Amino acid sequence: MNTTKSFIRGTGAYLPQRVLSNDDLAQMVDTSDQWIRDRTGIQQRHIAAEGELTSDLAVASAKEALKNSGLVPADVDLIVLATTTPDQTFPATATAVQSKLGITGGAAFDVQAVCSGFLFALATADSMLRQGLFSTALVIGAETFTRILDWSDRSTCVLFGDGSGAAVLQAAPGAENEGVIAHHIRTDGAKSDLLYVDGGVSSTGTIGHVRMQGNQVFRHAVTNISSAIETVLEQTGYTIADVDWFVPHQANQRILSGVAKRLGLDDEKVVSTVSHHGNTSAASIPLALHTAISDGRIKKGDLVLSEAMGGGFSWGASLFRL
Ligand code: ACO
């Protein structure tokens, strides 16, 4: 039976021009290309130019997603932007994107779930479209994450980069196994001291820098992500063998591979772009999704499983058909 579902019509991505290699970082802190590659799989990251804002990155990816959808900004009546690094404390960066795209109607707002942000934004937009509140959404993950890094802390500064990815989501009649199929999103505030920023508007009045107990995060990441995926599969009746493509949050090659191995996923089904841009937080899933759609790996009708884990802790999984 057909009901109102949401469908991904097109995707886009944007990476800033400046590239910082592992060798460049080795000039700044006591690290090496070998250490970074072995522990994370990261080879390089992109850094936003001075004056280049999170909204600028978001607009670039949104324009490409609209073009690939065959739609124009005037078709959009909802923008849900996932970011941890907004242009300003307020208004929401999504409203800057709305204005820069020349969209005058509908609603635009940000969601904050750090590295899990894109999946939280996707779940939010999908629910609103299915309820009939809006018809066409831009779901964006965009970050200038390098602006909250402590460049003297080698345990964090080597991991992250800037970037943006976007998907156009549109409401239309569809069957249960079409379009966006299921989500499972969770948080656990008791673990916030393992990954956080040591600043904020109401605490210190400063922006602050990322602080992380990497090995603890790693341990929780594999467990939480695997459990979210198992929940989504149980809810929908699919098995891991039904999944055509696995598009995980691009934090670290060892987490990606650890989750894939635990689930029994073939390596060929795993989309990994982390080597090219490091951990771009909320931008990483749409960046990876767009890469695999653009290069022809993910095709219309394919079943895609996505997952993420980040500060909060926040984590989740989504299942959708292109
Ligand atoms: N270069 C060289 N040595 C380093 C570096 C570096 N950049 N960073 C840390 N080290 C050293 C440490 O000081 C330590 O040295 P010691 O043994 O003399 O004390 C040694 O390397 C081992 O440190 P660990 O933190 O135990 O290293 P680990 O194997 O856990 O790798 C890493 C660290 C890569 C951060 C890993 O824990 C990780 O990937 N964790 C997940 C973190 C993550 O992805 N966070 C992103 C946000 S959440 C998410 O997106 C899932």
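Take the residues of the range 1-28 that are open to solvent by 90 Å² or more (accessible area, probe 1.4 Å), part of a loop (DSSP other than H, G, I, E, B) and touching a residue at least 60 places away in the same chain (Cβ under 8 Å): which is nearest to THR156 (Cα to Cα)? Only one residue fits best here, namely MET28. Across the range 29-37, not a single residue is classified as assigned by TED's automatic domain parsing to the domain that holds GLN131, on the phi < 0 side of the Ramachandran plot, buried (at least 19 other Cβ atoms within 10 Å of the Cβ) and in contact with a strand residue (DSSP E or B) (Cβ under 6 Å, 6 or more places away or on another chain). Scanning the range 282-318 for residues that are over 20 Å from ALA251 (Cβ atoms) and either modelled with pLDDT under 95 or hydrophobic (A, V, I, L, M, F, W, C) (or both) gives ILE293, ILE298, LEU303. Selection within the range 230-250: residues that are outside any helix (DSSP H, G or I) and open to solvent by 20 Å² or more (accessible area, probe 1.4 Å). The member of this set that is nearest to the ligand (Cβ to nearest atom) is TRP245.
Evaluation of GLU176 against the conditions (1) touching a strand residue (DSSP E or B) at 6+ places or on another chain (Cβ under 7 Å); (2) surrounded by fewer than 19 Cβ atoms within 10 Å (Cβ to Cβ); (3) in a loop (DSSP other than H, G, I, E, B) shows that the sole unmet condition is (1).
Considering the range 134-157, the residues that are closer than 22 Å to THR11 by Cα and of a type outside the set (Gly, Ala, Ser) include one that is most open to solvent (accessible area, probe 1.4 Å), namely PHE134. Among the numbered conditions (1) in contact (Cβ under 8 Å) with a residue 60 or more places away in the chain; (2) under 10 Å from LEU138 (Cβ atoms); (3) not in a strand (DSSP E or B), the only one that GLY117 does not meet is (2).
In the range 179-212, the residue that is least open to solvent (accessible area, probe 1.4 Å) out of those that are under 26 Å from ILE42 (Cα atoms) and part of a strand (DSSP E or B) is VAL210.
Applying the criterion of being open to solvent by less than 10 Å² (accessible area, probe 1.4 Å) and under 13 Å from the mean Cα position of the chain (by Cα) to the residues of the range 288-304, the residue that is farthest from SER257 (Cα to Cα) is LEU289.
Of all residues in the range 176-229, those satisfying the criterion of being touching a residue at least 12 places away in the same chain (Cβ under 8 Å), under 22 Å from THR156 (Cβ atoms), away from the ligand (no atom under 14 Å from the Cβ) and of a type in the set (A, V, I, L, M, F, W, C) are VAL201, ILE207.
Could you please find all residues in the range 268-318 being farther than 20 Å from ARG39 by Cβ, within 15 Å of the ligand (Cβ to nearest atom) and part of a loop (DSSP other than H, G, I, E, B)? Hits for the range 268-318 are GLY312, PHE313.
The values are calculated or read from the model by the stated rules, or taken from the named source; none is laboratory data. Computed from a prediction, not measured in an experiment: that's the story for all the values here. All Cβ positions, even for glycine, are placed from backbone atoms using ideal geometry, and neighbour counts span all protein chains on display. Protein only, heavy atoms only, side chains kept; ligands, DNA and RNA dropped before computing areas. Shrake-Rupley method; radii C 1.70, N 1.55, O 1.52, S 1.80 Å.
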